[in-house]
Amino acid sequence: ARTPRQHRRRFHRIGHDGPMPAQAAPPAGGGPTVPASPWAELSGTQRAIVLALLRHGRLSRPQIMGLVGISPGSVTRLTAPLIEQGLLITRPERASGAGRPPSPLELRADAESLVGVSVSARTLTAVLTDLRLNVLETARRPLPGHDPRRVADLLADVVGELLARRRGAATPSCLGISLGGTSRDGRTVDEAVFLGWHGVPLAATAEARTGLPTRVGNDLTALTQHEAWFGAGRDHERLSLVTVGVGVGYGLVVDGGVITSPDAELGLLGTIPVPDGARPPVASPAMDCLTDTALERAWAKAGGEPLGAGAIVERAADGNRAAVAVCDSFARRLGRLIGMLAAFTLPEVVVVAGERAAIASLFEEQVMVGIAAVRRASARSPTIAVREHERVDWARGAACLALRSRVMGEL
């Protein structure tokens, strides 16, 4: 068997309008004073302009006209107040010939800062970002347990730590929290199996501790939103996000928007049967063959000593034959899953993320074998982009959830 270092690289590896709710009262122990939201009174078209700038970055006025569908006079009329409020900036560029130099618009990154917090079963990772989600400060702490009150106390401590480190940053305007669970209203955690939570009013608790208006959401939805605005979504209208590792997840972006529903946070992809390469094939639910537990089980079945999934992948990267065989099988199954999803959603690019995303780049040829097994030879294979697993990116996703709610006037 060839080791993964002999494989030729194909993949890219990449280190509603509504009334504004009342602001939470500052916490008893003291917290940041949150200024009144400048986003609350924006019109729907102004929000559309801001959303276009978030996704595409700097845009000329003709580009905004095309994306939003408005006239030149409307662009000036609608953006002038945003420039006066300091939310947008214009940067004149050198003219290429005679005439007035173009003055593209962009979101003013330092107008506000945001806090994003990703809560996993074992750790809490937090970031302080600007409005373009550039990370200003990060912090990571082990969870002291799964009691919601202790987690909220830790969250408040971490937020205080971030602000103490970056005293020159704008006062945070809001807080986003993401976790592996469901929240239909963006405030209460309906269920988080990994944490053992049911009906936890996390947003209200966080607001009481930090004084920051808070949005709670599913971590995969948050990561997908981040990918739509600041990742592959900037260059592609349709993309799919697949995560493998602790669990199996799926996100879909069409025309720059995340396709979601209450069922999207239930991890339904985990029940999809994924065939292996045997004859006749044997199909197993994705949760039984594309997770850390599945990888560790396959390694033990092959006679390996007890190892965690990460260590198994490291051995495969070093050329251990048994580890290579186990990861080869994992990669082919992943390819089959990608091929099946691509047949239904027709993405231009598939982003692979999660704790075991590295298998997709180390064993990319086996992923392609898996895709080819369930795809017509005449069909073009989707581009695959592999994201290295960084908890900071999940925390940025949480900040992205808060940013979207902020821009829509909900926080």
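With every protein chain kept in place and ligands, DNA and RNA left out, what is the accessible area per residue of segment 52-180? Probe 1.4 Å, answer in Å².
47 Å²
Would you give the gap between the C-alpha center of segment 352-392 and the C-alpha center of segment 161-236, rounded to a whole Å?
Centre-to-centre distance over Cα atoms comes out at 28 Å.
What are the extents of the Cα atoms of the chain along their three principal axes, listed from largest to smallest and rounded to whole Å?
Here the spans come out as 66, 59, 34 Å, largest first.
Roughly how many nanometres apart are two label points built 7 Å out from the Cα toward the Cβ at ARG141 and MET65?
5.3 nm
Tell me whether segment 230-299 comes out rounded, prolate or oblate; compute the Cα gyration tensor, take square roots of the eigenvalues as a ≥ b ≥ c, and use a/c under 1.5 as the rounded threshold.
Because a/c hits 1.5 or more and a/b exceeds b/c, segment 230-299 counts as prolate.
Label points 7 Å out from Cα along the Cβ direction at ALA311 and SER74: separation in nm?
Inter-label distance under the simple model: 6.1 nm.
Considering only protein heavy atoms and a 1.4 Å probe, what is the carbon-and-sulfur percentage of the accessible area of the chain?
Roughly 52 percent of what the probe reaches on the chain is carbon or sulfur.
How high is the FRET efficiency from ALA377 to ALA121, r the C-beta distance, R0 35 Å, rounded to 0.05?
0.25
Could you grab the relative contact order for segment 247-330? Cα pairs under 8 Å, six or more apart, rounded to a whole percent.
Across segment 247-330, relative contact order equals 21 percent.
Once you have a ≥ b ≥ c as the square roots of the Cα gyration tensor eigenvalues for segment 32-183, tell me rounded if a/c is under 1.5, and otherwise prolate or oblate according to whether a/b is larger than b/c.
prolate
Please give the calculated 222 nm ellipticity per residue for the chain, where each DSSP H segment of at least 4 residues contributes -39500 (n - 2.57) and the sum is spread over every residue; nearest 500 deg cm²/dmol?
When only DSSP H runs of four or more count, the value is -11500 deg cm²/dmol.
Please list the non-local residues whose amide H lies under 5 Å from the amide H of VAL386, H modeled 1.01 Å from N, same-chain partners needing a gap of 5 or more.
HIS12, ARG13, ILE14, VAL352
The values are calculated or read from the model by the stated rules, or taken from the named source; none is laboratory data. This structure is a prediction, so every number in the text was calculated from the model and none was measured. Reconstructed Cβ throughout: ideal geometry from the backbone, glycine too, with neighbour counts over all protein chains shown. Quick note on the areas: whole protein, heavy atoms, side chains included, nothing else; ligands and nucleic acids left out. Shrake-Rupley method; radii C 1.70, N 1.55, O 1.52, S 1.80 Å.
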